[in-house]
1. I'd like the full set of residues that are under 16 Å from the mean Cα position of the chain (by Cα) and assigned to a loop (DSSP other than H, G, I, E, B), limited to segment 85-119.
2. Residues in segment 130-143: is at least one under 30 Å from Leu83 (Cα atoms) and outside the structural domain of Ala65 (by TED's automatic domain parsing)?
3. I'm told Leu129 meets every condition in (1) among the hydrophobic types (A, V, I, L, M, F, W, C); (2) closer than 23 Å to Ser20 by Cβ; (3) in a loop (DSSP other than H, G, I, E, B) except one. Can you identify the failing condition by its number?
4. Among the residues of segment 220-237, are any closer than 30 Å to Glu138 by Cα, under 22 Å from the mean Cα position of the chain (by Cα), modelled with pLDDT of 95 or more and surrounded by 16 or more Cβ atoms within 10 Å (Cβ to Cβ)?
5. Take Asn78 and tell me if it is within 20 Å of Ala159 (Cβ to Cβ) and not in a loop (DSSP other than H, G, I, E, B).
6. Just to be sure I understand, how many residues within segment 85-98 are crowded, with 17+ Cβ neighbours inside 10 Å and out of contact with any helix residue (DSSP H, G or I) (no Cβ under 7 Å at 6 or more places or on another chain)?
7. When segment 104-121 is examined, which residues are found to be without any contact (Cβ under 8 Å) to a residue 40 or more places away in the chain and closer than 18 Å to Pro191 by Cα?
8. Of the residues Arg19, Arg57, Arg71, Arg9, which is over 20 Å from the mean Cα position of the chain (by Cα) and modelled with pLDDT of 95 or more?
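The values are calculated or read from the model by the stated rules, or taken from the named source; none is laboratory data. Since the model is a prediction, treat every value here as computed from it, not as a measurement. With ideal geometry, Cβ positions are generated from the backbone for all residues, glycine too; neighbour counts draw on all protein chains shown.
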Amino acid sequence: MTHEFDMVRSLAAGVEGRRSAWEFIRGFVANWSQALGDDDGWGEADLAAAEERLGVRLPLALREAYLLFGRRRDLTSNHDVLLSPSELYVDEARDALVFRHENQGAASWGILLDTLVDEDPAVLIRADLADKAAERWESWLERVSLCFIEIVLSECVQAGVGLCDFLCDFDDYGVEMLEQNCSRLPFPAYPMGEEEQSIRWFLGRDVLLRDDDGMALLARGRTEKALDEIRDLLPGDWLNDSR
């Protein structure tokens, strides 16, 4: 890691509140991708038009995220999709404002309408089920700002081939090696209330890792060497390993 950006310390501060979340994202993006620029966010006019069309006021945290980096698809939409202001919508039951879709339409993320008055409300997820009557909004993360940290991190490890890879047969030995050799990042386990089946983040030597409850491991190296080292540490059928 560089001296300018301490991932663990910055993330520990970033999860504490809305403003520190944006500071973490600025630092992370500058060190792992391309620094944020003045044109990376949507304009106030775009958000105002969305609010007028929907008849609701967007929460402050959601507005700030869109204004800061909402147009950077490499940070928000490599795999799942952050909706543009013109695509935001209220679900049919008029329960929630929807702002993100799973890439194959299997799930949506939203904010309950009665919490839109909060500056940084909770984010929920709803699976797309064959039985529509069984669909429910379930807890995901307790604040919008936390959700956008998760979005940036998750889209980082799913940025395509090159510095990213995926291990689907991630067994107990792999989990043990991960825990012994990499640092658990200070991001809350999620979905909320699922401590036994949760997503966790780790940091190796110049490699970011997402452990999906031992079912899969996603990795993003800052260099090809760093990615190769994690492949060697955790052997298996890595999707993009052509060595």
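1. Once the filter is applied, which keeps residues that are under 16 Å from the mean Cα position of the chain (by Cα) and assigned to a loop (DSSP other than H, G, I, E, B), segment 85-119 yields Glu102, Asn103.
2. no
3. It fails just one condition, (2).
4. Step one: list which residues in segment 220-237 are closer than 30 Å to Glu138 by Cα, which gives 220.
Filter once more, so that each one left must be under 22 Å from the mean Cα position of the chain (by Cα): 220.
Filter again for modelled with pLDDT of 95 or more, leaving 220.
Then keep just the ones that are surrounded by 16 or more Cβ atoms within 10 Å (Cβ to Cβ); that gives 220.
The answer is yes; a qualifying residue exists.
5. no
6. Total meeting the criteria: 1.
7. Passing the criteria: Ala106, Ala107, Ser108, Trp109, Gly110, Leu112.
8. Arg57
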